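The values are calculated or read from the model by the stated rules, or taken from the named source; none is laboratory data. The structure presented is a predicted model; accordingly, all values stated were derived computationally and were not measured. Reconstructed Cβ throughout: ideal geometry from the backbone, glycine too, with neighbour counts over all protein chains shown.
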């Protein structure tokens, strides 16, 4: 007996999701609770488990396609002898489906089961393919959605298609198609999932926060020597190997920031929406921007002020690995108070980073360059120089504050022994 796994209501009004990756193949024997697929909603990367042991018979979507809630995701032939009715009831349950990556953004339109089923029926009968939210926009604009030419895969209609139709029929879409046809090898890609959330968050940040950027250079020569010495220390090596971690420069950057925040708590504050209250945080939850397979993620290390360099190294390794795989826990993405963007790991020296709202400051680290600099004796030496770029919320942080804060942070990095004096 073969049954269809019906993609359940994942919650919060979500009616569709992107099939990120199949973790099994057709014909494969799977165990109960074995991961079957990764799907991406507007809010989370969700892993779909097998409700029963059995054989996968059919996968209904290709990677990158949009799967509909309350529609079949895959079919399987279960090993046990339960009735089809019982199996279908169980596959419709979302109790075992949990988000791996969750965004703080909540701009998701709600819809009911009836609307979703209507969507699925229209897909099956070759009519307009659109989510309930898009259909609602069409109704509000008094537009027959069946007349709108969709720009998505298989003719899927998006909100922009409806708006373009309302403003001038299909002319806008036709013009885009004509332009695309004139440019060799061009194509249209839907912005969705974490990338869409990041885009919205960045627009919100620059639209509501008056940014200013402050740049400085830091001599990393002594810190690089200290890190290399730590890496060769037998005791430190043993601790890191046991935790399957490594010592990068990031733990030193974080600890130095935390020590400087004790002297300048306003950098670790957040202002409310109408700019009438400023909240200061005792905890230094320092985030780090990480490229992942699902887009840019910013996990944060909690309570940096209480942790040693080795503690931070272990936390940073775990978070980086989790984020790069797209499986960082939602709790690791929440409650950050300040962010580091290590753009220098890829290249570049100076940047103008966008604040990770509702935080008040972010720093971009440039690449380390060996450059000539004068020493105290007036002699030219080769030094390891890194450019850093701070962006601050000018509603609560002025130029003098960020400059003095950066100078203190810089002193910890240029003379690492200074950190010991300030550690409690």
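Quick rundown of the values:
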{"read-out": "Test set (1) in a loop (DSSP other than H, G, I, E, B); (2) crowded, with 21+ Cβ neighbours inside 10 Å; (3) modelled with pLDDT of 85 or more - residue 10 fails condition number", "value": "(3)"}
{"read-out": "Strands (runs of 3 or more DSSP E) (entirely within region 234-289) containing at least 1 residues that are touching a helix residue (DSSP H, G or I) at 6+ places or on another chain (Cβ under 6 Å)", "value": "278-280, 286-288"}
{"read-out": "Positions within region 179-197 being at negative phi and either modelled with pLDDT under 75 or surrounded by fewer than 10 Cβ atoms within 10 Å (Cβ to Cβ) (or both), in sequence order", "value": "179, 180, 181, 182, 183, 184, 186, 187, 189"}
{"read-out": "Test: residue in region 135-145 that is modelled with pLDDT under 70 and surrounded by fewer than 16 Cβ atoms within 10 Å (Cβ to Cβ)", "value": "no"}
{"read-out": "Matching residues, region 34-51, being at pLDDT 85 or above and surrounded by fewer than 22 Cβ atoms within 10 Å (Cβ to Cβ)", "value": "34, 35, 49"}
